[in-house]
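The values are calculated or read from the model by the stated rules, or taken from the named source; none is laboratory data. Just so it is clear, the structure is predicted and the values come from calculations on it, not from any experiment. As a convention, Cβ positions derive from the backbone with ideal geometry for all residues, glycine included, and neighbour counts pool all protein chains shown. Just so you know, the surface numbers come from the protein's heavy atoms only, side chains and all, with ligands and any DNA or RNA stripped out. Shrake-Rupley method; radii C 1.70, N 1.55, O 1.52, S 1.80 Å.
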Amino acid sequence: MDTDIIKADTLEEYGRFFGVETRHPQVGVVRFDRSENQPTHRMTLGFYALFLVKTVGITIDYGKTRYDFDDGTVICFAPGQTIGISRMAGGPVPEAVGLLFHPDFLRGTALGAGMGRFTFFSYASHEALCLSAEERRVVEDYLGMIGRELERPVDGYSKSLVALNIEVLLNYCLRFYERQFATREALGDDVLARFERLLDGYWEAGRPQGLPTVRYFADKVCLSPNYFGDLVKARTGLTAQEHVQRRLTEAAKDALLNPRLSVKQVAKLLGFRYPQHFLRFFKRNTGLTPREYRDGGR
């Protein structure tokens, strides 16, 4: 998509570009059901956005991935992300409902303190949430309640009610994603198998590029770090980082059993930049120093 990037730091700027009314400067519900208000564009958002795409007819380009949307799909974006929207030639007019809310709206709310739980705002577009008919109705109901509350005159309950309904909606999205992780068994099994193989082979070459990270393995299986981590946690009960730490500990134990390697050489072999970092890591995960383990403390 060869277009200039538009900056929409505020809901007012977003509404101005699409020609839609901005009723509240920090939170809003937008509806797209006409071809004329959905031009091809690239835009960097300064706020959170959740879209329920209800018909085929739109392609979203985020990072290096593209996704042609099916009926009843939810995709989320965090502040600072750049997305590209293009109409599909010859396709039907796309229909979508979007919830937009600025980080400033969350200040002082329970939702603001807990936004870190909603990791799906950093998923890639091909990791969108595909809804059943019943799940779609739940999302539509909460978007409707938020929209109706924003149409009421502002009073002392307005912000808390809107924030509460947004939080409930996001919690439902967490539930639906867990269902998606559970029902897509083939994908989950394939990702876990590839993860295990990558862990097995990480130290085989003898010169790893530093310590293994969740991002490294997520890139290898073509998933975003958050989606990869959430999928691994949903399928195994352990975080991806816990898997990495456990395998690193096992690799350290194996290397320490080689009498020809000094502790410093083991640390370097595993990817630790400084030996003292390896000492702290091993002590924290085994209760022993490397030397104690090597001398038979195991």
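Observations, loosely collected:
- Members of region 138-169 that are within 17 Å of ALA96 (Cβ to Cβ) and more than 23 Å from the chain's Cα centre (by Cα): ASP141, GLY144, ILE146, GLY147
- Those residues of region 230-266 which are open to solvent by 70 Å² or more (accessible area, probe 1.4 Å) and assigned to a loop (DSSP other than H, G, I, E, B), in sequence order: LEU257, PRO259, ARG260
- Contact annotation: residue pairs with Cβ atoms under 8 Å, 6 or more positions apart or on different chains, pairing a residue in region 8-27 that is closer than 18 Å to SER158 by Cβ with a partner that is among the hydroxyl-bearing types (Ser, Thr, Tyr) and assigned to a helix (DSSP H, G or I), are THR22/TYR14.
- Scanning region 182-204 for residues that are within 19 Å of ALA252 (Cα to Cα), part of a helix (DSSP H, G or I) and charged (D, E, K, R), we see that the one that is most open to solvent (accessible area, probe 1.4 Å) is ARG197.
- Condition check for CYS173: free of Cβ contacts under 8 Å to residues at least 12 places away in the same chain and of a type outside the set (D, E, K, R): no
- Entry remark, region 96-111: residues being surrounded by fewer than 18 Cβ atoms within 10 Å (Cβ to Cβ) and either touching a residue at least 12 places away in the same chain (Cβ under 8 Å) or of a type in the set (Val, Ile, Thr) (or both) number 4 in total.
- Look at region 205-229: where a residue is part of a helix (DSSP H, G or I) and a partner is small (Gly, Ala, Ser) and modelled with pLDDT of 90 or more, sitting 6+ places away or on another chain with Cβ atoms under 7 Å, you get VAL214/GLY229; VAL214/ALA240; PHE217/ALA240; ALA218/SER224; PRO225/ALA218; PHE228/ALA218; PHE228/ALA240; GLY229/ALA240.
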